[in-house]
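I have placed the structure first, in the form of structure tokens, so that the comments after it can refer back to it.
The values are calculated or read from the model by the stated rules, or taken from the named source; none is laboratory data. Quick caveat: nothing in here was measured; it's all calculated off a predicted structure. As a convention, Cβ positions derive from the backbone with ideal geometry for all residues, glycine included, and neighbour counts pool all protein chains shown. Note: accessible area is taken over every heavy atom of the protein model, side chains too, but ligands, DNA and RNA are not part of it. Shrake-Rupley method; radii C 1.70, N 1.55, O 1.52, S 1.80 Å.
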Amino acid sequence: MLLPPDLRDWVAEDDMVHFVLEAVDRLPLSSFKFNQRGTGDRQFPPHMMFALLVYCYANGIFSSRKIERATHRDIAVRYLCANNHPDHDTICKFRRENFVAVSKAFVDVLELATSLKVLKLGKISLDGTHIKANASIDQNVTYERACEIREQLKLDVQELMEKAERADENDEDAQKLPKEIARREKLAAKMDRAIDELKERAKKRDEKARADFEKKLAERDRKEKETGKKPAGAAPKPPKTGPENSNEQVNLSDPDARIMRKNKRSGFTQSFNAQAAVDADGSQLIVGNHLSQSPSDSGELEEGVSSVPEQLGKPEAVLSDAGYVNADMIERVEKELGVEVFCSVHREDAHSERHYDYRPKKQSERPVRKVKDPRLLAMQAKLQTEEGKAIYGVRNHTVETAFGIIKSVMGFRGFMLRGLEKVAGEWELVCLSYNLKRLHRLIAQQSEEQPA
């Protein structure tokens, strides 16, 4: 026999597939989006489709075509699907349309971990990582270049239309011309969208620049009135406005993706900034997540803390690296959200000395920026205490470990979907799959530690 009468005979009892099926089965049917009209082909069970996505993501299978192939080749996946084989279009559509179920399942898994006494929310570690978008960095265009290409496309379309008219008059074969015209019109529509997007970004940027300019002028006038003298230095110049005065680019494949670079030693990539809040008290479960279009983490602290579901309660403290230094935001998190912040004021390697540093010595070392804000000075003093060092010391082996597992063990290094909303939903699906993988391991460890 090619297959046994019962596929469970070929699936190990401790395989994660059993745990995924039980966890997903807890979700109510109302969480899923499906065809309620009853027309078309018979639908696959929503719980089966959702379990298929979660199990494949947890095991490093992300493409809908590869997931379809796994329903034929992978015994555990074949068992999960009860020998059904949904095609890649069905899998991809289900993934796009059920991010509400993903959000509910994310919270449900964390509540399950709490009920099993694996998770007890206390301190959380916050960090972000750049994950590549489903778009090429070569597809970026500036405002001026987009306008130039649009004008050239209009001329090309007009020329092709004239050729088509001449072909009709001379009774020539012009079958290729409509396709060429349609291709150029489609590209022109992309340029129109890119120009509109860059105009919208410029509008928001100009509003902020004008507000900062007026604030500087008001501060300069205030000093002049107090002292009776003109302040030293040149008066602030009004900002240059409009999309033509910026080098900002928009991507034609995914306009929501941004050009990012991890540091000066790294190359530029078309990416999103994926943020995760990880339990720092032992479980290493991701308790909150969100997606950012900013390459920097400096404005993500408040949203990162707020991403923790209300059902879990409020964390006691948040641990973050120097990328999150923002005195105003730290103050808001502590006063308004009531969460104590342990944030490194300097980069971890800014003051560290390597006794056997193999790197060549730099000709001119950039001086470490001195901290002047009293709020940041207080934070620096708190982290220099023995208690502060002990609390902050657990950050690295919690959130960094979670990102390492997602990227290296699960193999997730690039999004499959496009658009901020869909990519954010896919990131939550990745975090959910990681949590189930981690929770399955924690429960196995608990059973091993219990006496026989």
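Within the range 1-30, work out how many residues are at pLDDT below 80 and either touching a strand residue (DSSP E or B) at 6+ places or on another chain (Cβ under 8 Å) or open to solvent by less than 70 Å² (accessible area, probe 1.4 Å) (or both).
Going residue by residue through the range 1-30, those that are at pLDDT below 80 are 1-8, 29-30.
The next check asks that each one be either touching a strand residue (DSSP E or B) at 6+ places or on another chain (Cβ under 8 Å) or open to solvent by less than 70 Å² (accessible area, probe 1.4 Å) (or both); those that pass are 3-4, 6-7.
Qualifying residue count, the range 1-30: 4.
Taking Arg183 as the residue in question, decide whether it is of a type outside the set (A, V, I, L, M), over 25 Å from the mean Cα position of the chain (by Cα), surrounded by 13 or more Cβ atoms within 10 Å (Cβ to Cβ) and in a helix (DSSP H, G or I).
Numbers: of a type outside the set (A, V, I, L, M): yes; over 25 Å from the mean Cα position of the chain (by Cα): yes; surrounded by 13 or more Cβ atoms within 10 Å (Cβ to Cβ): yes; in a helix (DSSP H, G or I): yes.
Yes, satisfied.
Does Lys216 count as open to solvent by 20 Å² or more (accessible area, probe 1.4 Å), of a type in the set (Lys, Arg) and more than 21 Å from Gly404 (Cβ to Cβ)?
On the way: open to solvent by 20 Å² or more (accessible area, probe 1.4 Å): yes; of a type in the set (Lys, Arg): yes; more than 21 Å from Gly404 (Cβ to Cβ): yes.
Yes, satisfied.
What single numbered condition from (1) under 23 Å from Arg261 (Cβ atoms); (2) at pLDDT 90 or above fails to hold for Glu348?
The number of the failed condition is (2).
From Ala277, Ala194, which residue is surrounded by 17 or more Cβ atoms within 10 Å (Cβ to Cβ), assigned to a strand (DSSP E or B) and modelled with pLDDT of 85 or more?
Ala277
Going through Lys123, Lys117, Lys208, Lys203 one at a time, which residue ends up being more than 26 Å from the chain's Cα centre (by Cα) and more than 29 Å from Met416 (Cα to Cα)? Talk me through it step by step, then tell me what you get.
Working: Lys123 fails: more than 26 Å from the chain's Cα centre (by Cα); Lys208 fails: more than 26 Å from the chain's Cα centre (by Cα); Lys203 fails: more than 26 Å from the chain's Cα centre (by Cα).
Matching residue, one of Lys123, Lys117, Lys208, Lys203: Lys117.
May I ask you to list the residues in the range 309-327 that are free of Cβ contacts under 8 Å to residues at least 60 places away in the same chain and assigned to a strand (DSSP E or B)?
Hits for the range 309-327: nothing passes.
Working only within the range 60-88, note down all residues that are out of contact with any His (no Cβ under 7 Å at 6 or more places or on another chain), polar (S, T, N, Q) and either crowded, with 19+ Cβ neighbours inside 10 Å or on the phi > 0 side of the Ramachandran plot (or both).
Of everything in the range 60-88, just one residue is out of contact with any His (no Cβ under 7 Å at 6 or more places or on another chain), polar (S, T, N, Q) and either crowded, with 19+ Cβ neighbours inside 10 Å or on the phi > 0 side of the Ramachandran plot (or both), namely Asn83.
With the condition kept exactly as written, say whether any residue in the range 168-177 is surrounded by 13 or more Cβ atoms within 10 Å (Cβ to Cβ) and under 22 Å from Val250 (Cβ atoms). First the steps, then the outcome.
Initial filter on the range 168-177 (surrounded by 13 or more Cβ atoms within 10 Å (Cβ to Cβ)): 174, 177.
Those left that are additionally under 22 Å from Val250 (Cβ atoms): none.
No.
Let me confirm something: among Leu432, Leu376, which residue is touching a Phe, Trp or Tyr at 6+ places or on another chain (Cβ under 6 Å) and buried (at least 17 other Cβ atoms within 10 Å of the Cβ)?
It is Leu432.
Quick test for you: out of Lys132, Lys104, Lys154, pick the one residue that is at pLDDT below 90 and either open to solvent by 60 Å² or more (accessible area, probe 1.4 Å) or touching a Lys or Arg at 6+ places or on another chain (Cβ under 6 Å) (or both).
Numbers: Lys132 fails: at pLDDT below 90; Lys104 fails: at pLDDT below 90.
Only one candidate qualifies: Lys154.
Could you please give the count of residues in the range 47-98 that are among the basic types (Lys, Arg) and at pLDDT 95 or above? So that I can check it myself, show each step before the final result.
Quick first cut of the range 47-98, residues among the basic types (Lys, Arg) only: 65-66, 69, 73, 78, 93, 95-96.
Pick out the ones that are also at pLDDT 95 or above and you get 65-66, 69.
So the count comes out to 3.
Of (1) open to solvent by 70 Å² or more (accessible area, probe 1.4 Å); (2) part of a helix (DSSP H, G or I); (3) more than 29 Å from Ala146 (Cα to Cα), Arg205 satisfies all except one. Which?
(3)
Tell me, which residue of the range 58-102 that is assigned to a loop (DSSP other than H, G, I, E, B) and within 18 Å of Met416 (Cβ to Cβ) is nearest to the chain's Cα centre (by Cα)?
Restricting to residues being assigned to a loop (DSSP other than H, G, I, E, B) and within 18 Å of Met416 (Cβ to Cβ), the top hit is Phe62.
In the range 228-274, which residues are among the hydroxyl-bearing types (Ser, Thr, Tyr), open to solvent by 30 Å² or more (accessible area, probe 1.4 Å) and part of a strand (DSSP E or B)?
Across the range 228-274, the qualifying residue is only Thr269.
Inside the range 111-128, can you point out the residues that are under 17 Å from Val318 (Cβ atoms) and of a type outside the set (Asp, Glu)? Step through it out loud before you land on a result.
In the first step, residues of the range 111-128 are kept if they are under 17 Å from Val318 (Cβ atoms); the result is 119-128.
Within the range 111-128, Leu119, Lys120, Leu121, Gly122, Lys123, Ile124, Ser125, Leu126, Gly128 qualify.
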